[in-house]
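Let me begin by presenting the structure, written as structure tokens, before commenting on it.
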Amino acid sequence: MPTLATPYITADMGSTSTNTVVTINGKSHSAETWTYSFTWPWNMLGQYPVMNVPIGLTPERIPLGMQIIGNTYDDLIVFQIASEWSKVDPHFY
């Protein structure tokens, strides 16, 4: 699932030629730059396990999440950290 640094980019941004720009704080940003995405470095590197887990909601009820990133091929530690987080904040699980 995409993880973004801002709630202003919609899930379908860039899917058509009519929704390729978003305005944030008066400045236009193009879908082609994807400067607010945190997932692409890990997708490109490929061997690093990454899990996005829910951590809360904004006042506008937009879901927030955090990425847990493990060492190359160390999937187990990522699952263990996510499991421990679920014990700390169980209302999302």
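Observations on the structure shown:
- Residue count, the range 43-71 (criterion: touching a strand residue (DSSP E or B) at 6+ places or on another chain (Cβ under 7 Å) and without any contact (Cβ under 8 Å) to a residue 40 or more places away in the chain): 13
- Reported count of residues in the range 33-69, each being on the phi < 0 side of the Ramachandran plot, modelled with pLDDT of 75 or more and of a type outside the set (A, V, I, L, M), is 11.
- Of the listed requirements (1) part of a loop (DSSP other than H, G, I, E, B); (2) surrounded by 11 or more Cβ atoms within 10 Å (Cβ to Cβ); (3) at pLDDT 85 or above, Thr72 misses just one: (2).
The values are calculated or read from the model by the stated rules, or taken from the named source; none is laboratory data. From a predicted model like this one, the values you see are computed outputs, not experimental measurements. Glycine gets a Cβ as well: all are built from the backbone with ideal geometry, and neighbour counts include every protein chain shown.
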